[in-house]
Amino acid sequence: MMGSPHILNPELFCIFPIPPPPNPCYTPLMSTNKTLLIIGLIVLNMLPLVGAHFEFWSWHSGLYLYWAECALLGASIFFAFTKHLFVFFLLLLPAVLIVYFTEGNLWGDLKTPVTFWCTYSLFWLAYFELKNTRFGTRIHRLHPIKQFIIYLIVMSLSIAVSFAATMTIYNEWDLVPKVPPHIYHVFLAIAVAIPTLMIGLFKIIHMIGARHFVHFLLGTYHRPVEKSRVVLFLDMVGSTKMAEKLEPKEGMRLIASFIFDASVIIRQHGGDILNYTGDGLVVVWPLGQADKAMGCVYAMRRRFDKIRPSYQKEFGIKPYFRMGLHAGRVVISQIGEEKLFLGLYGDTVNTAARLEAMNKELDTRVLVSGSVAQWLSPRWTARLESKGLQEIRGREEMVEVYTLRVTD
């Protein structure tokens, strides 16, 4: 495996749970920060009401705070979901133009359709965010027909609520019976087509990788591209024994569940899932984001520590995995034409894989090379424990190796 390129294959999956020890260093801190934030928001939103009640200012003046909050919320949504909103309106624009030139001035006053589409897009942003939650994981595991029914229900409710909200905002319910039926048909067709095409497009983007989609379109990877990256190599412990305990379908369902849960964490920490190699996985970060790679390791440990009992209950298995991190030059190249795969080559990837395997020899779960450690901030280097210089199979030079302290 080490001598061959690591291939991006969407048909292959792997499992990557995290060792169970929790991270006491900043779990309480995160909980405290969230509590203070919630209390602060409650107090901030109560101030205009209390002030107006005691006549420190008028009720009308107090509304400015809520309008400001709405503006900040809108800006936050825009920056957080720029990609989704861009694709949504990119698909909507040609549909609107086609209807405009074929039907003439179909829309009349633009404020009504604009409000409808803005409200409708918010519902789909909420839907995409829901898919990244634990509840979304349960939906993801359902039979495709059940998923499709849920999709239709979400779409129907989104259209109905967006339409009702728009009519209520502008008090135009009396105009509803006067609108020609074919206008409703056009709106309905576009409202169904846009999110459907959007979801299909995002499935393609996610399969290839959001960071590599444009490069695929431009043919960037037709020639090998060399980049400097932090490479995280993960491999499941005891995958063969686990496979023997489960039926094939159950085994694949277990794998898919882990892939989904771990992918959310990796994405939150800016990781680029580049390869799936059997029961192993390769994630890369730019060198300057080494702290994010270590943060991802900790976040995955905390996350899987919480949800591992649910896997034990559902599958009767508590899987773990080992991790190796190394940094250096890698080569990325596209392989194939009919089915697009991305090959990741180089000594850096092989060394990360060797470090992952070395965990078994050193009785550790995570091994980090000195090449990664030199890019880490003091916050993370303080949590590393040196394992000295280690001989890596296939390399002439020995590598300084660290592990994460058990107490972290």
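Have a look at 194, 208 and point out the one that is at pLDDT below 80, aliphatic (A, V, I, L, M) and out of contact with any Lys or Arg (no Cβ under 6 Å at 6 or more places or on another chain). So that I can check it myself, show each step before the final result.
On the way: 194 fails: at pLDDT below 80.
One residue alone meets the criteria, 208.
Could you list all residues from segment 267-295 that are out of contact with any Lys or Arg (no Cβ under 6 Å at 6 or more places or on another chain) and either outside the structural domain of residue 237 (by TED's automatic domain parsing) or among the aliphatic types (A, V, I, L, M) (or both)?
273, 274, 281, 282, 283, 287, 290, 293, 294
Being among the aromatic types (Phe, Trp, Tyr) and out of contact with any helix residue (DSSP H, G or I) (no Cβ under 6 Å at 6 or more places or on another chain) is true for just one of 116, 123, 148. Which residue is that?
148
Out of everything in segment 134-158 that is of a type in the set (Ser, Thr, Tyr) and modelled with pLDDT of 70 or more, what residue ends up being nearest to the chain's Cα centre (by Cα)? Steps first, answer last, please.
Within segment 134-158, the first condition is being of a type in the set (Ser, Thr, Tyr), and the residues that meet it are 137, 151, 156, 158.
Still in the list and also modelled with pLDDT of 70 or more: 151, 156, 158.
Details: 151: 20, 156: 26, 158: 23 Å.
Ranking the candidates gives 151 first.
Across segment 182-235, what is the total count of residues that are small (Gly, Ala, Ser) and buried (at least 18 other Cβ atoms within 10 Å of the Cβ)?
The number of residues fulfilling the criteria is 1.
If I filter segment 201-217 for residues that are among the hydrophobic types (A, V, I, L, M, F, W, C) and more than 19 Å from the chain's Cα centre (by Cα), do I get at least one hit?
Scanning segment 201-217 turns up at least one residue that is among the hydrophobic types (A, V, I, L, M, F, W, C) and more than 19 Å from the chain's Cα centre (by Cα).
Among the residues of segment 327-337, is there at least one that is in contact with an Asp or Glu (Cβ under 6 Å, 6 or more places away or on another chain), within 25 Å of residue 372 (Cβ to Cβ), not basic (Lys, Arg) and not in a helix (DSSP H, G or I)?
yes
Go through segment 348-408 and tell me which strands (runs of 3 or more DSSP E), entirely inside it, have 1 or more residues that are among the acidic types (Asp, Glu), touching a residue at least 60 places away in the same chain (Cβ under 8 Å) and not assigned by TED's automatic domain parsing to the domain that holds residue 235.
In segment 348-408, no matching strands (runs of 3 or more DSSP E) lie anywhere.
If you go through segment 308-329 one residue at a time, do you hit one that is in contact (Cβ under 8 Å) with a residue 12 or more places away in the chain, over 30 Å from residue 247 (Cβ atoms) and more than 24 Å from the chain's Cα centre (by Cα)?
Looking for residues that are in contact (Cβ under 8 Å) with a residue 12 or more places away in the chain, over 30 Å from residue 247 (Cβ atoms) and more than 24 Å from the chain's Cα centre (by Cα), one finds at least one in segment 308-329, hence yes.
Among the numbered criteria (1) in contact (Cβ under 8 Å) with a residue 12 or more places away in the chain; (2) on the phi < 0 side of the Ramachandran plot, which single criterion is violated by residue 248?
Single failed check for residue 248: (1).
Quick one: which residue in 63, 106 is at pLDDT below 80, at negative phi, in contact with a Phe, Trp or Tyr (Cβ under 7 Å, 6 or more places away or on another chain) and surrounded by 12 or more Cβ atoms within 10 Å (Cβ to Cβ)?
Working: 63 fails: in contact with a Phe, Trp or Tyr (Cβ under 7 Å, 6 or more places away or on another chain).
Matching residue, one of 63, 106: 106.
Condition first: basic (Lys, Arg) and either closer than 21 Å to residue 357 by Cα or not assigned by TED's automatic domain parsing to the domain that holds residue 284 (or both). Now tell me which residues in segment 218-259 satisfy that. Don't jump to the end; show me each part of the working.
So in segment 218-259, the residues basic (Lys, Arg) come out as 223, 227, 229, 241, 245, 249, 253.
Matches in segment 218-259: 229, 241.
Within segment 272-293, can one find any residue that is charged (D, E, K, R), surrounded by fewer than 19 Cβ atoms within 10 Å (Cβ to Cβ) and more than 20 Å from residue 369 (Cα to Cα)?
no
Please find, within segment 391-408, the residue that is modelled with the highest pLDDT out of those that are buried (at least 17 other Cβ atoms within 10 Å of the Cβ) and not aromatic (Phe, Trp, Tyr).
The residue in question is 401.
The values are calculated or read from the model by the stated rules, or taken from the named source; none is laboratory data. What you see is a predicted model, and the numbers here were worked out from it, not measured in a lab. Cβ atoms come from the backbone with ideal geometry, glycine included; neighbour counts cover every protein chain shown.
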